[in-house]
1. Pulled fully out, how much extra length does the chain show between ARG461 and THR666, if you take 0.36 nm times their separation in residues and subtract their Cα-Cα distance?
2. PHE317 to HIS128: extension gain in nm, 0.36 nm per residue of separation minus the Cα-Cα distance?
3. Can you tell me the FRET efficiency between LEU337 and THR50 if r is taken as the Cβ-Cβ distance and R0 is 22 Å, rounded to the nearest 0.05?
4. Before I look further, what does the stretch 553-665 give for accessible area per residue, probe 1.4 Å, in whole square angstrom?
5. At 7 Å along Cα-to-Cβ for each site, give me the label-to-label distance between ASP99 and ARG143 in nm.
6. Among rounded, prolate and oblate, which fits the stretch 570-689 when a ≥ b ≥ c are the square roots of the eigenvalues of its C-alpha gyration tensor, a/c under 1.5 means rounded, and a/b larger than b/c means prolate?
7. Measuring from label point to label point, each 7 Å out along Cα→Cβ, what is the LEU690 to ARG41 span in nm?
8. Accessible surface of LYS417 in the full protein assembly, 1.4 angstrom probe, to the nearest 10 Å²?
Amino acid sequence: MKRICFLLLIFCYTTSVFAQPAAEDTLLIDLGAPPATVDLRPYITVVETTGHVLSLQQVQGRPFIPPQQSLPAWQNAHKNHRVWDCWLKLSVRNTGGKDSTLTLFTGWHDYMYWYVGTGNGGWTALSHAGLMLDKDDVGRWERYGFPVQVPAGQSRTFLLHIINKSFNGKPLAPVLFNALQYERFRNNGLNTYRAPAVVIQVILGMLLVFLTIAIINYTQLPDRSYLYFAAYIMGLVLFFALRLESKPYQLSVFHRWPMLKYYWDAPAMLFCFYFMYLLFGNAFLNLKERYPYMQRIFNISAACTGGVILICFFCIFWEKYHIPGIIYGYVYLATLLPLLVIFIALAKRSRHHPLIRFFLFGSLCFYMAYLASFLLRIKSLGLTGALGELSAPSMLMMTGILLQAMFFLAGLSYRNKLVHHERTKTQEMLIKQLNKNKELQRKLNEQLEELVKEQTSEILRKKQELEEQRQIQLNIEYDKKLTEIELKAIRAQINPHFIFNCLNSIQLFVMQRDYEYAQKYLSDFSYLIRKTLDFSRRNFITLTDEITYLNTYLGLEKMRFENKMEYDIRVDPALATTELEIPAMLLQPYVENAVKHGMTNPDQTIGQLIIRFQQLDADVLECVIEDNGIGITRSRELRTLPKHHQSSGMEISFNRAELLNKMYNTDIHIEIIDKSHRNFTESGTIVRILIPQL
């Protein structure tokens, strides 16, 4: 027995001499009877970086230091504006004789990886968790507690890798719990988060009710403001539904897509409270018609907000989750004063536009609630921390959101009421107008009956007048026939006169024994005789036929005067000669008279004759016959006949023009001008004939 005691003393002495003492940062704990909680901050060492992530191989080559000597982000994680990477090292020695498992809890982070040392310098991954990793398991709480298991009398070293990519770094508070205390901690956490979750669910229910009312009202009154309000509510529903993802237990249908929270966190605030807010205000207040300048401001601001939202999504795509929060913070600070100015401008116009009151009250409720929440957070977290928490809904902020949505929905309902009232007034006016129309129809029927009676007597009277008119018409027809007979008699006088003049010309050729010219002249003369006989049977001929007839006649006269005569027929190119009509044989006597007296001027070696046709007005054809002869005055002085005598052809043409005017109710005007009356140095005659087109 003494030997055994001696051996035990030697063993204990040897153990105390040769045993290695535990390191200063090693947690010595009896797992057989563990304490309820252990604050691990005195026992852990860290490697902490911001802006980049260290791998397991990289961190093994770096020294682990106590957290008090680490980066400032350790003391205040809310000031983290970049990716935060932290490695925690914990060494635990089980001084008891039993095995047990404790639970390490450090909070909820984006990415968490739990390793245990293998004893030969290697590491084994035990588990991982994180807000950005949970896609298959709903029970997050259990996964965020990492097991710490050390066999009796042994030591183990653990590594915990924490990565946060969001704007708000999660607070780091490593605590070791035994099983009973961890369950109590878990239950306390559930109770802590259950109340906000219930509030969010109530808000979601109210927002869904608002959305349903907006959709129903849109079916009754299709208006863009309802669509913008519905989009605003949908953005809020998605925002609050995703807020449930950050709780330790899952109630949201989006638990399989935790990244949605980070996608929609800051962009949701920009989308709901700026982009859709501006579009809704523009359509709801009808700024385009009422306040065009403010409408341009709203449109430009909405376009800028849309661009900022796209920038936020681009940053999220590159996993720069902290940048959208920073952008939103600066946008919020930059818009505080402009929004206040807009509210003041709208308040001045609210007297004449009742819808502005709903929009203004809703906007002010949210503005003041959000501002109060921001100021309270500045007091507790500082300016940077408060900016980082802008996207986290507080009770004040949620109250402001609900009040704003309620005022906007009330404004839409009031607008529906105004439209309904306007429709009712319109319908009443239509009914009154319909009654007036019926009364007017009755009066018109009475007037129509009286008018029928009057018309009957008027018809009898008209019948008697028509009988009298018929008798008058018969007399007119008789006068017309008599006029036609007189016109035919005048044409019968024209033909012998023209033939007599032509035969005189032929006689001259025969007397001069120029038989060749006499034969050609007879050929052209026979053509003229046929045309003359043809035209004498018609009252009107085309201008083309008249020009051809005059060309043939003047060609014969030029032969008779042995080329001592020149003529030119000028026709305006714009004239439709085949469509215009003139009285038959009206111009020929004047042309013949111009040839007879225009070729006997001793002062002119060659007689000149010009005939011009042009459109004077839209329906008046002007014909001018101009010669360089001796003129009318001198011709009368040289005549042996009485001075009052006039050429029979011209007299017949003048009488014929008067009969045509009387017969066809037209106004053929003939004017004869002696050039010497206008200029003593000129001689000749101008005949100007205006022929209206029927």
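1. Extra length available between ARG461 and THR666 comes to 70.5 nm.
2. Gain on stretching PHE317 to HIS128: 65.7 nm.
3. For LEU337 and THR50, the calculated efficiency is 0.10.
4. Averaged over the residues of the stretch 553-665, the accessible area is 51 Å².
5. Result: 2.6 nm between the two label points.
6. It comes out oblate by the Cα gyration axes.
7. Here the modelled spin labels are 11.6 nm apart.
8. 130
The values are calculated or read from the model by the stated rules, or taken from the named source; none is laboratory data. Just so it is clear, the structure is predicted and the values come from calculations on it, not from any experiment. Here Cβ is always computed from backbone atoms with ideal geometry, including for glycine, and neighbour counts include all displayed protein chains. Ligands, DNA and RNA are stripped out before the accessible areas are found, and what is left, the full protein with its side chains, is counted by its heavy atoms. Shrake-Rupley method; radii C 1.70, N 1.55, O 1.52, S 1.80 Å.
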